[in-house]
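Notes for the one structure printed next.
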Amino acid sequence: MSQAQTNITEGGTVGGSPSGHEYTKTTAKASFFEIFNERVYDLLSDETLESNLPIREDATKGVYVEGLKEVDVSNTEEAEEVLRSGMKNRQVASTAMNRTSSRSHAVFVISVRTEQTTSDGLSKIRTSKFTLVDLAGSERQNSTDTVGARSKEASMINKSLLCLGCVINALVDRENGKERHVPFRDSKLTFLLRDSWGGNSKTCLVATVSPSATSLGETLSTLKFAQRAKLIKNTAILNEDTCGTVAALQAEV
């Protein structure tokens, strides 16, 4: 993750060439939220820490969380500080299998905007997002000994992971030529990560497994999940808009 953040932020704001013909400016903003019991909470804002934020869909912005706090970051250290700050507010609890078990799915996003301006007034704006997702692990009640509120949390975690599995299965069937409805809207997790699965992105999945014999069932389930996910093909395209004077746009054409 540190290497990815370095690649994103190492440019910062880059001045023009020695002759002054071109100027490039790169800005990055970080946000961090969690999905807890099918509710979205901002991990960076004390004011909305206990507020369930709504999810919206826009033709330009796509799917986004309304009211989410964004913090300007210019280097890797600042991005990691935002990540550490949000982790302090994340929902965790003790179970029979994990003393600090995650009770939510956490989503850390760095939004990058690069504007390149030439001396003739032509501007090219490129936008992209780096999304890091930490999924809470599925739980079996007889293994974790969860009761009450912990049991409800485990049920919501398993439900959202089941929805994610259904989305992946539907996308794989589509890759094989079958007509399938993809149930992105069945959970907030799959709806927010719609572009990451079969959309305009490059996706890397890290599966965490255990060598313990007592976790054999969870390990096999995780590996099968990862194997199915590898069959999905994403198509990443460049998000670029061009603007400027009429003369500059005509010259570009």
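Laboratory data are not the source of any read-out in this text; all were calculated from the coordinates shown. In this text the structure is predicted, and so the values were computed from the model without any measurement. Cβ atoms come from the backbone with ideal geometry, glycine included; neighbour counts cover every protein chain shown.
Remarks
- Each residue of the stretch 107-123 is assigned a 3J(HN,Hα), and the resulting list reads 10, 10, 10, 10, 9, 10, 10, 10, 10, 10, 10, 9, 5, 8, x, 7, 10 Hz, derived from the Karplus form 6.51 cos²θ - 1.76 cosθ + 1.60 (θ = phi - 60°), x at Gly and Pro.
- Over all other residues within a Cβ to Cβ distance under 15 Å of LYS61, the charged ones net out to -1, with Lys and Arg as +1 and Asp and Glu as -1.
- Estimated D of the stretch 178-240 in µm² per second, where Rh is the Kirkwood radius over Cα pairs and Stokes-Einstein applies at 4 °C, 1.567 mPa s: 94
- Amide proton proximity set for VAL63, modelled H, under 5 Å, gap of 5+: ASP58
- Modelled spin-label separation between LEU223 and GLU115, with each label point placed 7 Å from Cα along the Cα-to-Cβ direction: 5.1 nm.
- Ranked by the mean number of other Cβ atoms within 10 Å of their residues, highest first, the peptides 113-119, 237-243 come out as 113-119, 237-243.
- Note on HIS181 and CYS204: the extension gain reaches 5.9 nm, defined as 0.36 nm multiplied by sequence separation minus the Cα-Cα distance.
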